[in-house]
Amino acid sequence: MLRTLLATIVMVIFFPYQSFALVGCSEAGAKATGKSYKIKGTEINVRQGPSTKDDKIINQKATAILHKTHYITIDNSVTVYEECSVGSWSKIRVTDPEWLTSSHRGWIASKFLRRKNVDASGLEIFTEDDFIWSNKISPYKDIIIAGVNKIHRENSGCKDIDPASAYISGSKGTISNPVFFVTCGKGAGIHNVFFSK
C-alpha cells in the first residue's frame with residue numbers, strides 16, 4: 001500500500017502534464033517490450049492510442065504560449081523507450097532529452113523505431129538517419145557523417161553529441177572548402193565543435 005502511494009506521488013510530481021491513461025500498457029493485446037530506440041523521421045505525431053483514429057496529444061505548453069493548438073511530435077533527435085506494442089503501434093516515452101520525458105509519451109507507429117548502431121566497444125555509430133538534412137547540407141552528407149563520427153570517437157568532450165545539430169558554418173570556411181559544426185555536451189558544458197573535410 002505504501003509503495004503504491006509513493007509511486008502515485010512520484011507520478012504526480014514528475015509527470016504533472018500527463019494523463020494517467022497513458023501510463024502503463026492496459027490496452028487489449030498489448031505486449032510489454034521495454035526497449036530503447038532511436039527514431040527514424042521527423043514530425044511524427046504522438047497519439048493517445050494505437051491507431052490513426054486516436055487523437056493526437058496536445059502540446060499543452062506550446063499551445064498555452066502560442067495561443068494556437070500545437071501537438072506533441074518527435075523526430076530523429078530524440079531517444080525513446082518502448083513500453084509495449086500492439087500490432088504495428090508502440091507506446092513510447094522520450095528518455096533523451098530528459099526535459100521531454102514528462103510530456104512526450106504516447107503511441108507512434110512502430111515503423112518509426114530503429115535500433116541504435118554501436119561498434120564493438122559499445123560506442124554509437126551515427127548514420128544518415130541521425131541527421132536532419134536540408135538542401136544546403138545534403139550535398140555534404142558523407143563529410144558530415146564521417147566528421148561527426150570522428151569527433152564522437154576522438155573528442156572526450158563529445159561523448160554526448162547531437163548529430164541532428166550538424167550544419168554548415170556561416171562564419172568559417174569558403175565555398176570550395178566549407179566548415180561544419182556539431183553540438184556536443186549537455187547543460188553548462190554545451191559547445192560547438194567545427195570540422196571540415
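Residue by residue, region 165-170 carries 3J(HN,Hα) couplings of 8, 4, 7, 8, 6, x Hz when phi is fed to the Karplus relation 6.51 cos²θ - 1.76 cosθ + 1.60 (θ = phi - 60°); x denotes Gly or Pro. Computed from phi, the 3J(HN,Hα) profile of region 174-190 under the Karplus parametrisation 6.51, -1.76, 1.60 (θ = phi - 60°) reads 10, 4, 7, 9, x, 10, 10, 9, 9, 8, 10, x, 9, x, 5, x, 5 Hz, with x in place of Gly and Pro. Of A120, I143, A62, whose Cα points farthest to the positive end of the dipole of region 48-197 (charges on the beta-carbon: +1 Lys, Arg; -1 Asp, Glu; origin at the Cα centre)? Farthest towards the positive end: A62. Carbon-plus-sulfur accessible fraction, region 40-197 (probe radius 1.4 Å, protein heavy atoms only): 50%. Normalising the Debye intensity of region 101-197 to I(0), with uniform scatterers on Cα atoms only, and taking log10 at q = 0.18, 0.21 Å⁻¹ returns -0.91, -1.13. Cys residues of the chain that find no other Cys beta carbon under 4.7 Å: none at all.
Calculate how steeply helix 141-154 sits against the longest principal axis of the alpha-carbon atoms of the chain, using the helix alpha-carbon long axis, and give the answer as 0 to 90 degrees to the nearest 10. Tilt relative to the chain: about 80 degrees. Over the chain, with a single point scatterer placed on each C-alpha, what log10 of the ratio I(q)/I(0) does the Debye formula yield at q = 0.19 1/Å? Summing over Cα pairs of the chain leads to -1.31. Helical runs (DSSP H, four residues minimum) scored at -39500 (n - 2.57) apiece and divided by the length of the chain put the mean residue ellipticity at 222 nm at -5500 deg cm²/dmol.
Accessible-area rank, largest first, for R105, R153: R153, R105, with all protein chains present and a 1.4 angstrom probe. For the residue pairs K40/K91; K116/K141; K91/K159, the alpha carbons lie more than 25 Å apart in K91/K159. Excluding same-chain neighbours fewer than eight residues apart, the aspartates and glutamates reachable from K38 by a Cα-Cα span under 18 Å are D75, E82, E83, D96, E98, D119, E124, E128, D129, D130, D160, D162.
Counting only alpha carbon atoms, the long axis of helix 2-14 and the longest principal axis of the chain meet at about 50°. For region 115-130, backbone phi angles converted through the Karplus equation (6.51, -1.76, 1.60; θ = phi - 60°) give residue-by-residue couplings of 6, 6, 8, 10, 8, 4, 8, x, 7, 5, 10, 7, 10, 3, 5, 8 Hz, Gly and Pro being listed as x.
Note on region 105-148: Rg/Rh from C-alpha atoms, Kirkwood Rh, equals 1.07.
Close amide H partners of W89, meaning residues 5 or more places away or on another chain with modelled amide H under 5 Å apart, are S110.
Computed over the chain with a Gaussian network model linking Cα atoms closer than 10 Å, the most mobile of G106, G170, G87 is G170.
The values are calculated or read from the model by the stated rules, or taken from the named source; none is laboratory data. In this text, all values refer to a predicted model and were calculated from it rather than measured experimentally. Ideal geometry is used to build each Cβ from the backbone, glycine not excepted, and the neighbour counts take in all protein chains shown. Quick note on the areas: whole protein, heavy atoms, side chains included, nothing else; ligands and nucleic acids left out. Shrake-Rupley method; radii C 1.70, N 1.55, O 1.52, S 1.80 Å.
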